[in-house]
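The structure appears right after this line, and notes come after that.
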Amino acid sequence: MTEPKDFVAGVGSDIRKSQKRVLFVTRRTSAQVKVSDEEQVQTFPEGLLRIALAIEILAIALVLISLFFNAPLEGIADPTNTPNPAKAPWYFLGLQEMLHYFPPVVAGVLIPTVLVVALVVIPYFNVNIEADGLFLKNRGRRLHIFYVGALGLSLFLWFFDVYVALVPTLIVAALMLIAAFSSPHSSSRSRRYLASKPVSWWVMTWFLFELIVLTVVGTFFRGPGWSWVLPWRG
């Protein structure tokens with residue numbers, strides 16, 4: 001038996017000479033301290049290689065497209081003749097499509113802000129820290145929240161007659177229901193894939209689906225006065 005040692009916490013200005021660490025150990029963790037005198041820098045060489053390769057492929061594809069296809073540019077702007085419909089660039093047509101249904105403050109400020117904040121904040125929720133499947137834990141409680149959220153969003157879009165956004169919402173909701181009643185051990189590969197996706201993946205999928213549908217509708221299915229037209233009828 002040895003006498004217990006007294007550990008006294010002190011304050012020093014030179015951390016190299018007097019190194020002190022204070023560690024709080026909880027019931028679910030264990031004390032583990034790794035000491036290394038070598039300087040280490042965290043890098044991701046495989047990630048940098050993939051990014052460089054993707055940039056090169058994209059640059060080559062853009063050069064080839066520009067060589068073989070002419071850009072769909074219109075004539076010189078005429079201030080005395082406003083085109084009908086006056087469409088924004090393609091990357092803003094999804095927003096312009098929403099302006100057809102909602103007031104400018106709602107479509108141009110509130111909805112984009114809520115979506116961006118949700119995409120930033122949701123990955124830090126406790127439900128998403130481990131990036132597990134959304135319905136693998138607390139399935140009953142999460143299903144109730146899903147039913148309320150999906151029904152409320154669908155009624156909101158239906159009330160404002162935003163059917164072009166309602167259809168993608170219902171499709172994503174149906175896929176989420178399939179994931180809710182699937183397991184990582186399902187015989188179907190697609191069901192196993194859906195069951196393993198976290199909440200951030202579902203939100204991003206719904207957001208991109210809505211963006212693509214609204215952009216396609218605004219580009220090809222809107223004519224004079226922003227009326228609904230079929231593109232193959234000119």
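Can you find, within the stretch 113-142, the residue that is modelled with the lowest pLDDT among those that are assigned to a helix (DSSP H, G or I) and of a type in the set (Val, Ile, Thr)?
Val127
Per-residue answers, yes or no, for (1) surrounded by 16 or more Cβ atoms within 10 Å (Cβ to Cβ); (2) hydroxyl-bearing (Ser, Thr, Tyr); (3) touching a residue at least 12 places away in the same chain (Cβ under 8 Å):
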| position | (1), (2), (3) |
| --- | --- |
| Leu119 | no, no, yes |
| Asp132 | yes, no, yes |
| Val148 | no, no, no |
| Gly152 | no, no, no |
| Phe160 | no, no, yes |
| Leu166 | yes, no, yes |
| Ala173 | yes, no, yes |
| Ala180 | yes, no, yes |
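Which residues, counting only those in the stretch 215-234, are touching a strand residue (DSSP E or B) at 6+ places or on another chain (Cβ under 7 Å) and assigned to a helix (DSSP H, G or I)?
Hits for the stretch 215-234: nothing passes.
What's the number of the condition Trp158 fails, among (1) part of a helix (DSSP H, G or I); (2) more than 21 Å from the chain's Cα centre (by Cα); (3) over 29 Å from Gly225 (Cβ atoms)?
Looking at each condition in turn, Trp158 falls short on (3).
Only one of these conditions is not met by His185: (1) loosely packed, with under 14 Cβ neighbours inside 10 Å; (2) within 23 Å of the chain's Cα centre (by Cα); (3) at pLDDT below 90. Which number is it?
Tallying (1) loosely packed, with under 14 Cβ neighbours inside 10 Å; (2) within 23 Å of the chain's Cα centre (by Cα); (3) at pLDDT below 90, His185 fails exactly one: (2).
Would you check if Glu210 is of a type in the set (Asp, Glu), closer than 23 Å to Ala118 by Cα and modelled with pLDDT of 90 or more?
Considered against the rule, which asks whether it is of a type in the set (Asp, Glu), closer than 23 Å to Ala118 by Cα and modelled with pLDDT of 90 or more, Glu210 comes out as yes.
Could you list, in sequence order, the residues of the stretch 46-85 that are aromatic (Phe, Trp, Tyr) and assigned to a helix (DSSP H, G or I)?
Phe68
Does at least one position in the stretch 86-108 carry a residue that is touching a Phe, Trp or Tyr at 6+ places or on another chain (Cβ under 8 Å) and assigned to a helix (DSSP H, G or I)?
Scanning the stretch 86-108 turns up at least one residue that is touching a Phe, Trp or Tyr at 6+ places or on another chain (Cβ under 8 Å) and assigned to a helix (DSSP H, G or I).
Restricted to the stretch 75-96, and to residues that are under 27 Å from Ile111 (Cβ atoms) and of a type in the set (Gly, Ala, Ser), which residue is surrounded by the fewest Cβ atoms within 10 Å (Cβ to Cβ)?
Ala86
The values are calculated or read from the model by the stated rules, or taken from the named source; none is laboratory data. Note that this is a predicted model, so its numbers are computed, not measured. Backbone-built Cβ (ideal geometry, glycine too); neighbour counts: all protein chains shown.
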